[in-house]
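The values are calculated or read from the model by the stated rules, or taken from the named source; none is laboratory data. Model, not experiment: these values are computed from the prediction. Virtual Cβ from ideal backbone geometry, glycine too; neighbours counted across all protein chains shown.
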Amino acid sequence: MEQLLQQVAAGLANGAIYALVALALVMIYSATDHLNFAQGEMAMFSTYITWAFYQTGMGYWPSLVLAMLVSFLGGLVIERVVLRPLHKAPVLSIVVVFIGLLAIFHSMAGAIWTHTIKPFPSPFPNIAFVGSGYIGPHQVGMIVVSLVLLSLLFVFFRFTSLGLAMRAAAQNPVSARLAGVPVDWMLALGWGMAAAIGAVAGAMVAPVVYLEPNMMAGILLYGFAGALVGGIGSPGGAVFGGFIVGVLENLIAYFGNLLDQTTGIYIIGNGEKLPIALIMLITVLILKPSGLFGRVTVKRV
Amino acid sequence: MTRIDRRTTIAGAIAATVVLATPALAQKKYDPGASDTEIKVGNTNPYSGNASAYGNIGRTIEAVFKMVNDNGGINGRKINFITYDDGYSPPKTVEMVRKLVEEDKVLLLFNTLGTPTNTAIHKYMNAKKVPQLLVATGASKWGNPKKFPWTMGWQPDYATEAAIYAKHILSTVKNPKIGILMQNDDYGKDYYNGFMKGLGKANEKLVVLRSTYEVTDPTVDSQMIALKNSGANVFFNITTPKFAAQSIKKAAEIGWKPIHYLNNVSSSFGSVFKPAGLEASQGIILALYRKDVNDPQWKDAADVKAWRAFMAKYMPSANLNEDTHNYGYSVAHTLIEVLKKCGNDLTRANVMKQAASLKGFEAPLLLPGIKITTSATDFYPIQAVRLARVKGTGFELFGDVLASESK
Amino acid sequence: MAIETSKAGHAPLSVPSRLSPTRVLIWCLVLLAALLPVLTHMTGIISNFYYLQLSLMLVFSIAVLGLNLLTGFNGQISLGHGAFFAIGAYTAGILLDQTSVPYWAAVPAAGLVCFCIGYLFGYPALRLEGHYLALATFALAIAVPQILKYRHLEDFTGGVQGINLIKPEAPFGLPLSPDQWMYLVVLLVAVLMFWLARNLVHSRVGRAMMAIRDHSMAADTMGIDSARIKMTVFGISALYTGIAGALHAIIFEFIAPDSFRLELSISLLVGAVIGGVASLPGAVIGGVFVQVIEKYADALTKAISNSVHLPIELEPWTIYGIALIALVYLMPTGIAGGIGSLWRSMTRLRGTPSG
C-alpha cells in the first residue's frame, strides 16, 4: 500500500512533466492547428538559454524570465519567418518543416553546449514537509507550476480581450478578421507563448532528468500521449492527460511487478509499461475519438 | 629534405628495435589501407542520436592521432583516421563500416562504439578478415578468437566485472537481498548474466527484484521506488551516466541507503556523481581500471600530466570533467602501441598478431598495477580491475588488483 | 476544425498512353538497371558497396511508396510506418532463422502478415481523423520496438540481441556476388510493386481512394464504401512497407529492435513528402533521399567542408534541417513535382520559341 501511494506520487510528478510539455503542444495546436514536433527540442534549447543566463550569476528567477522572453521572441520569429510563408501548404509539408526545425535545434544545442549532461538547479527549497516521504519538494513544485500555468492560461483565454481574440482567430479566422482581429499576429503570439511555456517546462524538467540535448526526446512522446488522451484542443485536457499517463504507466509497472513477485508469473514489467499505456490510449481514442476533453468537430460538406 | 632525414632516422630507430624482436619484419608488407606514408584507420561513433554523449571518444581519438601525426606519425607513417556518425543505429553502422572497408579501404577498424552496433558488424568483419580492434564496448563476446579471430575488445568485459561485484557481495554482505536496475538492452543483459553467474545457481534467489528501463524513459523514479520497497539491502546499478545520476539522486531522495554497486560504465565524477550530488554518491562501490584524471591523488602522475598537456593543446575547448576524453586517450595509445609493433609489416594478419601479443603494456591512464596482456588465445586486453569507493571528490581504492576468474 | 490533408499541391494523374515516351524511358531505365551487374561485372566499376546502396534506395522506395499509397493517395496520415517495416523484417527474420522457409517465400509471407495487421489497424483508424490518426500511428511506432523486446517473445525475436541472418548466394552458379544478386532480387520486387501500385491508383479503387482523400463525405454520398476501402488501403500500405522491411533484413543479415526506432518512421515520412506526395516517381526520389541524404548527412558535410576549406565547422544535422525547410519552400509539391513543373515550363518555352 505504502508503495502504491509512492508510485502514484511519482507518477503525478512525471505526469507534471508530461503535462507541461502537452500544454505547450496544445498552445500551438489551438492557435495554428499544427502539431509541433519540434516543441520538445525548442523547450530543450530554451532550457540551455536559461542555464546560460544562470551561469552568469544572475540568479534563478531572472534567468528563467529572461529565457522566457528570448523564447517568446524566438517563437514569434519562427512563426513569422518560417511558417507564415507556408500557411497554405499541406499539413504534411508542415510536418516536414517541424522535423527540420527539430534537427536544427537538436544539433545546434549539441554543438554549442556539448552532449554531456549538466546539473540544473531547482528553484524550490529542499525542506521536509507533510508527505515528503512520498514526493520530493521539486516534484511538488512542478505539479504546482503546471497547475498555476494552466489557471493563468484559463484566465487569459476566458477573460482577457487578447485571449479572446486569439481564440477567435484560431476557431474562425474569417469572422475574426472581419471583426478587426489581426489574425496573423495572433498565430505568431500563440507560437511565442508556446515557446515561453516550453522554457518553463524545460526548467522544471531539467533538475530531474538533467540538461542534455536528448532530454526532451523521450518526454515529447509522453507529452503527445498526454495531449492525445486529454484532447489536443484543450489545455485542461492536456494537463489532465499528462497526469493520467504519468500515473498509469507507474501503476502498470507496479501491478506487473507485484504479480511477478507474488506468483512468479511475469506478464508485464517496466519494459512493457509504455506499449500498454499506449494501447490503452488508443482504446480511449477509439471509444472517444476526440480525447476525453476534446471538442466534437463538425465538418461541412 | 630535413623531413626525409628525420623520417629515415625514426624508421631506422624503429627498425632497429623491431629487428631485435622479430627479425623477419624488416621487409615492407602492406594490405589495403597501408602504404609508405599512411595508415588508414576506420571508426564509427554516435555523434548524433541518443548516445551522442559518447561522441567525445571519437573526437578525442581523432585529436590523439593528430598529435601523433604532428610528431612524425608511427614509424614515419601518418594515421588517416576516418570516422563516421552512426547515430548508435545498427543498420547505419553496417553501412558506414561497409563504406570504410570497401570504399575507403581502411586497414583496420578501431574502437567502433556500442554493443548492438558492433554486434551488427561482427560477422561481416570476420568474413572480410579485417581487424575490428579494441571495440568500445565491454560485452564478453568480443574475446572469442576461435570463432571470431578478427575481433578484439579492450576494456574489462561486463560479465567479469559483474562477477567481481557478485563475489564481493557474497563475501562481505551478511544476508544480502539484492535489487538490480538495468538498461533493457544488450549491454544491460551482459552485466546481468555475468552477475547471476558470479552469484552461482544456489544464490540466485538473493536477487529480490530486477527492474528495467528503456533509454527513452524520462526518469527511473518508479523503478527506484519499487526497488526500495522490495526490501533490498544491496543495489546493483547497471545504468549509463544519465540514468546513473538520476538513480543515485532518487535513492537519496526517497531515503534508500543500500550497499550500492555501480557499473564501471558510469564511473565519472563529471557526468555522474557531481550531477547526482556528491553527498548522495558517497560510499558507492565500483570497479575501476583507469585513473580518474580529476582525482587529486593522481595530480602529479606523469601520464595525467601528459594528458592535460594534450587536452590543452589539441582539445582546448573540451570539458575536462568528461570521462570520455581520458577513455579515448588511453585506448588510442593502445592502438598506437600495436601499430608501432607492426613495424613495416602492415598487413591485417600482422595487425591482429601484434594486437594479440601485447605483454604487460601500460597504456597511459590505467591504474597502477593494471596492464594490457593478450595472446593468441586471450583476446581480452584489460582483465584486471580494482574495487573503489566514492569518497569525497575522488575514489578510494581498496583491496588488490582483481583479475578475471570467469575465463 | 476539420483537418484536411494534402489537398493542395498535386496534379491530377494522367494515364500515359501505351507507348508514350515516358513509358519507353522508364522501361529502358529498368532494363539498364537489371543489366548493371552484367555490364559492370568485368570492369568492376561498381563495387559491392554500391550495389548495397542501390538495393537500399530501392528498398526505401518501396517503403515510401507504401506510405504514399496511404497518406498521399488516401489522405490517412501515418507517422508510424516504421512499425510495419519492423514487423516485416522480423517476420522474414524469424522465418529464415527458425524454419527452413527460403528467402523468396519469406518476403511475401512478411508482406501478408503486414497486410493483415495493417488491415486490422485500419479499423480503429477509421474512427480517428487527421492528427489523431497521426498520433495513434506514432504510438504504434514507439510500441513495436518495445514489444519486440518482450520477455516471452525472446525465443522468437532474440530479444535485445536481435537475429543474425545469412545473405543468400546467387542461384544456379551465376557469377554474381551476394550483393549483386540481392540487388537484382530487390529490383525485380520493386518493379513489380511499382507496376502494381500504378495499376491500383489508375483503377476504380484508386479513384475512390483519392475521392475519399479529397472529400470523404462527398465520396460516401457517391456510394463509395469508404470504410472498406480505407481499411484495405491501410493493409496494402502495410504490405508494401513490410516487404521493404523483409528485404532490408535479408540485405543486412541482422535485425534488432534498435534498428527500428522512431527515426525510421520519421525518415519514411520525410522521404514521402520530399519526394512528392501522391506521386509514384516521387516515391523513388523519396527512397533515394532517405538512403543518401539522411544516412550520409555527416559524411557529405565532412566532404564539403574538407574540399571548400570552410572556416567554421558545419553541423550536419543543422544543414539537414535547413535543407528540409528549403526544399519545402522551393518545391512545395516535392522534388518530383518540382522537376515536373520545371519540365513543363521548359517544354512550354521550347514550344513557343518566338516568345
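For segment A:3-24, the criterion of being under 21 Å from residue A:234 (Cα atoms), part of a helix (DSSP H, G or I) and more than 14 Å from chain B (Cβ to nearest Cβ) is met by at least one residue. When segment B:175-199 is filtered for residues that are outside any helix (DSSP H, G or I) and at pLDDT 90 or above, the ones remaining, listed by number, are B:175, B:176, B:177, B:178, B:179, B:180, B:181, B:182, B:183. In the set A:206, A:194, only one residue is under 16 Å from residue A:22 (Cβ atoms) and either more than 9 Å from chain B (Cβ to nearest Cβ) or among the aromatic types (Phe, Trp, Tyr) (or both); that residue is A:194. The condition of being within 22 Å of the chain's Cα centre (by Cα) and surrounded by 19 or more Cβ atoms within 10 Å (Cβ to Cβ) does not hold for residue B:213.
For residue C:256, the requirement of being at pLDDT 85 or above, crowded, with 22+ Cβ neighbours inside 10 Å and within 11 Å of another protein chain (Cβ to nearest Cβ) is met. Picking from residues in segment C:151-177 that are part of a loop (DSSP other than H, G, I, E, B) and free of Cβ contacts under 8 Å to residues at least 40 places away in the same chain, the one that is nearest to residue A:265 (Cα to Cα) is C:169.
Could you tell me whether residue C:60 is within 25 Å of residue C:228 (Cα to Cα), at pLDDT 90 or above, out of contact with any Lys or Arg (no Cβ under 8 Å at 6 or more places or on another chain) and not in a loop (DSSP other than H, G, I, E, B)? The answer is no for residue C:60. Of all residues in segment A:270-284, those that are farther than 16 Å from residue B:209 by Cβ and at pLDDT below 75 have Cβ atoms under 7 Å from Cβ atoms of residues that are crowded, with 24+ Cβ neighbours inside 10 Å and among the charged types (D, E, K, R), 6 or more apart or on another chain, in A:277/A:249. Residues considered: B:135, B:130. Of these, the only one that is closer than 14 Å to residue B:351 by Cβ and surrounded by 24 or more Cβ atoms within 10 Å (Cβ to Cβ) is B:130. Among the residues of segment B:285-337, those that are more than 14 Å from chain A (Cβ to nearest Cβ) and of a type in the set (D, E, K, R) comprise B:290, B:291, B:292, B:295, B:299, B:300, B:303, B:305, B:308, B:313, B:337. Would segment C:279-302 turn up any residue that is surrounded by fewer than 20 Cβ atoms within 10 Å (Cβ to Cβ), within 14 Å of chain B (Cβ to nearest Cβ) and basic (Lys, Arg)? There is at least one residue in segment C:279-302 that is surrounded by fewer than 20 Cβ atoms within 10 Å (Cβ to Cβ), within 14 Å of chain B (Cβ to nearest Cβ) and basic (Lys, Arg). Within segment B:276-304, the set of residues being on the phi < 0 side of the Ramachandran plot, in contact with a strand residue (DSSP E or B) (Cβ under 7 Å, 6 or more places away or on another chain) and either at pLDDT below 90 or in a loop (DSSP other than H, G, I, E, B) (or both) comprises B:282, B:284, B:289, B:292, B:295, B:296, B:297.
Within segment A:94-116, residues that are on the phi > 0 side of the Ramachandran plot have Cβ atoms under 7 Å from residues that are not in a helix (DSSP H, G or I) in these pairs: A:114/B:319, counting only partners at least 6 apart in sequence or on another chain. Restrict the check to segment A:184-197 and report whether at least one residue is assigned to a loop (DSSP other than H, G, I, E, B) and more than 20 Å from the chain's Cα centre (by Cα). No: segment A:184-197 contains no residue that is assigned to a loop (DSSP other than H, G, I, E, B) and more than 20 Å from the chain's Cα centre (by Cα). When segment C:217-239 is filtered for residues that are away from chain A (no Cβ under 14 Å), over 24 Å from residue A:99 (Cα atoms) and not hydrophobic (A, V, I, L, M, F, W, C), the ones remaining, listed by number, are C:223, C:225, C:228, C:230, C:232, C:235.
Here residue B:70 clears all of (1) modelled with pLDDT of 90 or more; (2) in contact with a strand residue (DSSP E or B) (Cβ under 6 Å, 6 or more places away or on another chain); (3) surrounded by fewer than 19 Cβ atoms within 10 Å (Cβ to Cβ) except the condition numbered (2). When A:218, A:233, A:180, A:223 are checked against the criterion of being surrounded by fewer than 22 Cβ atoms within 10 Å (Cβ to Cβ) and within 11 Å of another protein chain (Cβ to nearest Cβ), A:218 stands alone in meeting it. Just to verify a result, which residue in segment B:98-121, among those that are assigned to a loop (DSSP other than H, G, I, E, B) and surrounded by fewer than 24 Cβ atoms within 10 Å (Cβ to Cβ), is modelled with the highest pLDDT? It comes out as B:105. Working only within segment A:141-169, note down all residues that are touching a residue at least 60 places away in the same chain (Cβ under 8 Å) and hydroxyl-bearing (Ser, Thr, Tyr). Matches in segment A:141-169: A:146 only. Answer with yes or no whether residue B:314 is under 30 Å from residue B:248 (Cβ atoms), at pLDDT 90 or above and of a type in the set (Phe, Trp, Tyr). In short, no. Can you tell me how many residues in segment B:175-207 are of a type in the set (A, V, I, L, M, F, W, C) and under 23 Å from the mean Cα position of the chain (by Cα)? Of the residues in that region, 5 qualify. The residue list B:190, B:186 contains one member that is in contact (Cβ under 8 Å) with a residue 60 or more places away in the chain and touching a Pro at 6+ places or on another chain (Cβ under 6 Å), which is B:186.
Candidates in segment A:50-90 are the residues that are surrounded by 14 or more Cβ atoms within 10 Å (Cβ to Cβ) and hydroxyl-bearing (Ser, Thr, Tyr); of these, the one that is nearest to residue A:188 (Cα to Cα) is A:71. The single condition among (1) at pLDDT below 85; (2) surrounded by fewer than 24 Cβ atoms within 10 Å (Cβ to Cβ); (3) within 8 Å of another protein chain (Cβ to nearest Cβ) that residue A:288 does not satisfy is (3). Please go through (1) surrounded by 15 or more Cβ atoms within 10 Å (Cβ to Cβ); (2) without any contact (Cβ under 8 Å) to a residue 40 or more places away in the chain; (3) of a type in the set (A, V, I, L, M, F, W, C) for residue C:126 and return the number of the only condition it doesn't satisfy. Just one mismatch for residue C:126, condition (2). Residues of segment B:127-174 that are within 19 Å of the chain's Cα centre (by Cα), of a type in the set (Ser, Thr, Tyr) and outside any loop (DSSP other than H, G, I, E, B): B:140, B:151, B:158, B:160, B:165. For segment B:228-250, filtering for residues that are more than 10 Å from every other protein chain (Cβ to nearest Cβ), closer than 18 Å to residue A:6 by Cα and surrounded by 24 or more Cβ atoms within 10 Å (Cβ to Cβ) leaves 2. Every condition in (1) within 16 Å of residue A:254 (Cβ to Cβ); (2) within 8 Å of chain A (Cβ to nearest Cβ); (3) outside any helix (DSSP H, G or I) holds for residue B:215 except the one numbered (1).
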